[in-house]
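Undergrad: So that we are looking at the same thing, I have put the structure below in structure tokens.
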Amino acid sequence: MSPSPSSRSVAFTEVATTAQARNDSGPTLIVGTSDASQATILRLVPGATASGGRVMVAVFQGQKTTGGYSVHINAIERRGDQLVVRATFASPSPGGIVTQVLTAPAHVVSIAVADAVGIREAILFDDRGYEIARMTTT
């Protein structure tokens, strides 16, 4: 997906990253535009803390059976009433030596409340441009 004339980059700040999120589903995107969604992020990501005047954006890779996985938010754009989140999903190399433990990678950042006003939908793309997840905000 290429940038449209009405898109603009959204600045974000690191909040937390973990390999042990409490999310055992597949790839997921949560934008904390409500108290409930902010609370969900805080519950799912150990070490994440809310900061006043900011909206958290969380990307989850889902549960994996070994170590060597990670997710990293690279960019966020605002396109009208959409928030477009781009992230890199890393996997261990074939035949690589990894820990034999369940992991659930997540990356959480925050954006200014002003950048989230009027958002109706958020879309997560991987670094190859494939849509990974989509959510409606409330």
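The values are calculated or read from the model by the stated rules, or taken from the named source; none is laboratory data. This structure is a prediction, so every number in the text was calculated from the model and none was measured. Cβ sites come from the backbone with ideal geometry, for glycine too, and all protein chains shown count toward neighbours.
Undergrad: Please count how many residues of region 86-113 are within 16 Å of Gln38 (Cα to Cα), out of contact with any Gly (no Cβ under 9 Å at 6 or more places or on another chain) and either modelled with pLDDT under 90 or of a type outside the set (Val, Ile, Thr) (or both).
TA: 2
Undergrad: Identify, from the list Ile132, Ile119, the residue that is part of a strand (DSSP E or B), surrounded by 17 or more Cβ atoms within 10 Å (Cβ to Cβ) and either more than 11 Å from the chain's Cα centre (by Cα) or in contact (Cβ under 8 Å) with a residue 24 or more places away in the chain (or both).
TA: Ile132
Undergrad: Condition test on Ala58, is it within 15 Å of Val108 (Cβ to Cβ), within 13 Å of the chain's Cα centre (by Cα), part of a loop (DSSP other than H, G, I, E, B) and of a type outside the set (Lys, Arg)?
TA: Considered against the rule, which asks whether it is within 15 Å of Val108 (Cβ to Cβ), within 13 Å of the chain's Cα centre (by Cα), part of a loop (DSSP other than H, G, I, E, B) and of a type outside the set (Lys, Arg), Ala58 comes out as no.
Undergrad: Which of the residues belonging to region 72-104 are assigned to a strand (DSSP E or B) and either charged (D, E, K, R) or touching a His at 6+ places or on another chain (Cβ under 9 Å) (or both)?
TA: Once the filter is applied, which keeps residues that are assigned to a strand (DSSP E or B) and either charged (D, E, K, R) or touching a His at 6+ places or on another chain (Cβ under 9 Å) (or both), region 72-104 yields His72, Ile73, Glu77, Arg78, Arg79, Arg86, Ala87, Thr88, Phe89, Ala90.
Undergrad: Moving on. Scan region 13-53 for residues that are of a type outside the set (D, E, K, R), surrounded by fewer than 20 Cβ atoms within 10 Å (Cβ to Cβ) and assigned to a loop (DSSP other than H, G, I, E, B) and report the count.
TA: 12
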